[in-house]
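One structure is given below, encoded as structure tokens.
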Amino acid sequence: MSSGATSRLAVEHDIINPATADVVTTLTLTGRYEADVAIERAAVAYESWRAVAPADRGRLLRRFADAVDRAVEELAQLEVANSGHTISNARWEAGNVRDVLTYYAAAPERLFGRQIPVASGIDVTFREPLGVVGVIVPWNFPMPIAGWGFAPALAAGNTVVLKPAELTPLTAIRLGELALEAGIPEGVFTVLPGRGSVVGERFVTHPAVRKICFTGSTEVGKHIMAGCAQQVKRLTLELGGKSANIIFDDADLVEAAATAPYAVFDNAGQDCCARSRILVQRSVYDDFLELFQTAVAGVRVLDPLDEASEMGPLISADQLARVSAFVPDDTDVAFRGSVPDGPGFWYPPTVVTPRDHTAAVFRDEVFGPVVAVVPFDTEADAIRIANDTDYGLSGSIWSQNLGRALRVARAVDSGNLSVNSHSSVRYSTPFGGFKQSGLGRELGPDALDSFTDLKNVFISTKEPK
């Protein structure tokens, strides 16, 4: 049998409900041959999609947004079954896709160049689309992160091939169907459920894919970055995080403690923006822990379909084992929350108080509902501890002193910081990390810049001799 025929053998993959460990459905994964066909179809579709008038491209994206809006509940129910997200979170996530599409539907008509004053002529710039964009989506937030990649890419005139995570492809597949129903032409937006080692790797090696957006682990991001270098391929990376929640002694301690659980236990801690290190000024450390214990006990870990649920299960048995390994029996566990009995990949909200800042639970990304709380003495001490990490994605600062909050915000090496809040992401503002948390920025008014090349054109106005 030829290698080409071998690559076309069907590979079946079970989709598991993390809350019950039951099989939701079984999919046939995309192989290399099918990935090549889809990429080549996207390359052909690019030539006509880039030529669509800006107003018409915007109109199609608004129709796509409307189709998503009509399907919010359907998408949310799919995400609960596939990812174990709470129903309230899943509805927000589907709504975020709608809102991101609506936001970038206005972008095609505002993709401005510039006129630059020069001698003897006129100089103008244009933002030209790149071609085929490969979007590789993680399993922790399948819908929003997909939208953050495909919406601005499509708005800029690119075509998109999207690979959802093997664990969580169902909402991406439905979004691909909704795009076609809304009138997005065949080949412009294609969803390819498959393995990263097959489909994701083909995005990296196929010459027609001119940019990759990857969200996932730092280790895999480095591998993709090295592969993209072979073709000088454009790249946006959103990788790991180990964010600090810094609480000063003049903070509203009650509010800081009440909100801290949701800054780390949301989505069962499977969030690169999770504030998984809480730094508390020593003079209020004990008071904070007392308040925090009450707040953690109040986190409602329930069946994700329960409207009252605030935290669901981990995504898989492998992830449950990984998170558990960060909290061996000799760990300084201060207190825990509760989880439901029965099947599923449940891990309780867990608070540890490590005495050693080199402990893995304090330094490495756990990606689960585990938070480490440590004291600090001075402002400089807080900044030093917060920056003592390879990551720099997000974080929070709690203080009533605006001057101090701004000083610390400027000093902490992180791409996204909030003061007296845990807000990390708005589709209207840029999002991305420092250090090994990533490369480039997503979202915000300038997102289309990373999906275009800047072209300069000089037109001579000299009179002919």
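The values are calculated or read from the model by the stated rules, or taken from the named source; none is laboratory data. All figures in this text were calculated on a predicted structure; none of them were measured in a lab. No Cβ is skipped: glycine too gets one built from the backbone with ideal geometry, and neighbour counts run over all protein chains shown. With ligands, DNA and RNA removed, areas are computed over all heavy atoms of the protein, side chains included. Shrake-Rupley method; radii C 1.70, N 1.55, O 1.52, S 1.80 Å.
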For this session: Determine the order of 148, 92 by accessible area, beginning with the largest, at a probe radius of 1.4 Å.
Result: 92, 148
Problem set entry | Efficiency of FRET from Cβ geometry, residue 428 and residue 293, R₀ 41 Å, rounded to 0.05 | 0.65
Exercise. About its Cα centre, what dipole magnitude does the range 303-361 give when the only charges are +1 on Lys and Arg Cβ and -1 on Asp and Glu Cβ, stated in debye to the nearest 20?
Worked result: 220 debye
Problem set entry | Percentage of interatomic Cα-Cα distances in the range 124-270 larger than 29 Å | 28 percent
Seminar exercise, completed: With +1 at each Lys and Arg Cβ and -1 at each Asp and Glu Cβ, the charge dipole magnitude of the range 271-316 around its Cα centre, to the nearest 20 debye, comes out at 300 debye
For this session: Kindly provide the trypsin sites (Lys or Arg not before Pro) of the range 103-185 that DSSP labels as loop, not H, G, I, E or B, and whose Cβ sees at most 12 other Cβ atoms within 10 Å.
Result: 114
Problem set entry | the range 309-325 - phi-based ³J(HN,Hα) in whole Hz, Karplus 6.51/-1.76/1.60, Gly and Pro as x | 5, 10, 8, x, x, 6, 6, 7, 5, 4, 5, 4, 5, 5, 5, 4, 5
Exercise. If one takes the longest principal axis of the Cα atoms in the chain, at what angle in degrees, from 0 to 90 and to the nearest 10, does the Cα axis of helix 142-155 lie?
Worked result: 30 degrees
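Could you give the accessible area per residue of the chain, probe 1.4 Å, as a whole number in Å²?
42 Å²
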For this session: Sort the range 1-156 into rounded, prolate or oblate with this rule: let a ≥ b ≥ c be the square roots of the eigenvalues of the Cα gyration tensor; rounded if a/c is under 1.5, and if a/c is not under 1.5, prolate when a/b is larger than b/c, oblate otherwise.
Result: oblate
Exercise. Under unit Cβ charges (Lys, Arg +1; Asp, Glu -1), what dipole magnitude, rounded to 20 debye, does the range 71-174 have relative to its Cα centre?
Worked result: 160 debye
For this session: Return a whole-number percent for the relative contact order of the chain, with Cα pairs under 8 Å and 6 or more residues apart as the contact set.
Result: 18 percent
Exercise. Rounded to the nearest 0.05, what FRET efficiency do residue 411 and residue 232 have when you use their Cβ-Cβ distance and R0 = 30 Å?
Worked result: 0.30
For this session: Could you tell me which of 200, 425, 226 has its Cα farthest along the dipole of the chain towards the positive end, charges placed at Cβ (Lys, Arg +1; Asp, Glu -1), taken about the Cα centre?
Result: 226
Exercise. In degrees between 0 and 90, to the nearest 10, how far off the longest principal axis of the chain does helix 402-411 point, with axes built from Cα atoms?
Worked result: 60 degrees
Exercise. How would 450, 338 line up by accessible area, probe 1.4 Å, largest first?
Worked result: 338, 450
Problem set entry | Cα-Cα over 23 Å, subset of 435/455; 233/435; 211/435; 211/242; 163/435; 233/455 | 435/455; 211/242; 163/435
Exercise. Taking a probe of 1.4 angstrom, what is the accessible area of residue 347 in Å², to the nearest 10?
Worked result: 20 Å²
For this session: Compute log10 of I(q)/I(0) for the chain with the Debye formula, placing one identical point scatterer on every Cα and leaving out solvent, at q = 0.05, 0.10, 0.13 Å⁻¹, to two decimals.
Result: -0.20, -0.76, -1.19
Seminar exercise, completed: In whole percent, the fraction of accessible protein surface over the range 256-379 that belongs to carbon or sulfur atoms, probe radius 1.4 Å, stands at 49 percent
Seminar exercise, completed: The percentage of the accessible area of the range 114-232 (probe 1.4 Å, all protein chains present) made up of carbon and sulfur atoms, to the nearest whole number, is 60 percent
Exercise. Which net charge results when you count Lys and Arg as +1 and Asp and Glu as -1 among the other residues whose beta-carbon is under 12 Å from that of residue 455?
Worked result: -1
Seminar exercise, completed: per DSSP, antiparallel bridges as share of beta bridges in the chain, % nearest 5, sits at 40 percent
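Report the net charge of residues surrounding residue 126, where surrounding means a beta-carbon distance below 14 angstrom and charges are Lys +1, Arg +1, Asp -1, Glu -1.
Neighbour charge sum, excluding residue 126 itself: +1.
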Exercise. At a probe radius of 1.4 Å, what is the per-residue accessible area of residue 435, in Å² to the nearest 10?
Worked result: 90 Å²
Exercise. Of 138, 209, 258, whose Cα points farthest to the positive end of the dipole of the chain (charges on the beta-carbon: +1 Lys, Arg; -1 Asp, Glu; origin at the Cα centre)?
Worked result: 209
